[in-house]
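Here the structure is laid out as structure tokens; the discussion comes afterwards.
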Amino acid sequence: MISHAEENYLKAIFKISEKEAKAASTNAIAAELQTTAASVTDMLKRLAEKNLIAYEKYRGVELSGEGNRLATALIRKHRLWEVFLVEKLGFAWDEVHDLAEQLEHVQGDDLVDRLDNFLGHPKFDPHGDPIPDAQGRWAFRPQSLLATLKPGDRGVVTGVDDHSAAFLQYLDQLGLTLGAQLELIERIPYDQSLRIRTQDGREITLSEKVGHNLFVKI
Ligand SMILES: [Zn+2]
């Protein structure tokens, strides 16, 4: 059996390694979990004893095969619960992450598979993040950050890199939720802000920061 805290570490290590494409450092894990480097070190020892991670002092931490399998299963549960909360219970996309953080730890033999069946095997969660299947395979979808588009490019919003409620609510206000179409009109050379046209013909200016946190499929 592994504890909820251990599960959260596995997930954090998975996310950091994925994002930075290298082993996770103690400091990065501490920042991700908002805890101290000392408590991270303690936990890493425990996870290494259980053969869930490989830990090399200067290289950082990598998940073992089993650690990777557990982290993937957790992310699968988390994202399926998010789909359930949004599609079946009517929550908004900025409201579901904290609930899913709790629900992902619920154990039950075929609970997740039944949930997956019930939802019709969704491949992406309400934030556009891929949901691994029961075998741990990830769907891949080509997408680009809005900031990398060229003037005249048209795209459809497919996901976010910033999952904060503040950002998601701002996107709601702008009408830039998943599936929304847009066209980049120009990038302002002064501050790299982006002028776009929405599908209903509105012209809006977005900050460079928004451009680096919004994924679109051209
Ligand atoms: Zn989430």
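What to note about this one:
- Matching residues in region 167-209 - criterion: being out of contact with any helix residue (DSSP H, G or I) (no Cβ under 7 Å at 6 or more places or on another chain) and of a type in the set (Val, Ile, Thr): Ile185, Ile188, Ile196, Thr198, Thr205
- When Asp42 is tested against (1) surrounded by fewer than 17 Cβ atoms within 10 Å (Cβ to Cβ); (2) under 30 Å from Leu115 (Cβ atoms), just one condition goes unmet, and that condition is (2).
- Counting residues in region 143-155 that are touching a Phe, Trp or Tyr at 6+ places or on another chain (Cβ under 6 Å) and under 13 Å from Lys77 (Cα atoms) gives zero.
- For the condition surrounded by fewer than 12 Cβ atoms within 10 Å (Cβ to Cβ), assigned by TED's automatic domain parsing to the domain that holds Arg114 and not small (Gly, Ala, Ser), Lys88 qualifies.
- Filter result for Lys123 (closer than 20 Å to Gln192 by Cα and of a type in the set (Lys, Arg)): no
- Residue within region 137-145 that is buried (at least 18 other Cβ atoms within 10 Å of the Cβ), in contact with a strand residue (DSSP E or B) (Cβ under 9 Å, 6 or more places away or on another chain), closer than 30 Å to Arg197 by Cβ and not basic (Lys, Arg) present: no
- Scanning region 92-105 for residues that are more than 14 Å from Asn8 (Cβ to Cβ) and either buried (at least 21 other Cβ atoms within 10 Å of the Cβ) or more than 12 Å from the ligand (Cβ to nearest atom) (or both) yields Ala92, Trp93, Val96.
- Odd one out for Leu178, checked against (1) touching a residue at least 40 places away in the same chain (Cβ under 8 Å); (2) within 16 Å of the ligand (Cβ to nearest atom); (3) within 22 Å of Glu18 (Cα to Cα): (3)
- Within region 127-167, the residues that satisfy the criterion of being within 16 Å of the ligand (Cβ to nearest atom), in a strand (DSSP E or B) and in the same structural domain as Gln181 (by TED's automatic domain parsing) are Gly159, Val160.
The values are calculated or read from the model by the stated rules, or taken from the named source; none is laboratory data. Quick caveat, the model's predicted, so the values are computed rather than measured. Cβ atoms come from the backbone with ideal geometry, glycine included; neighbour counts cover every protein chain shown.
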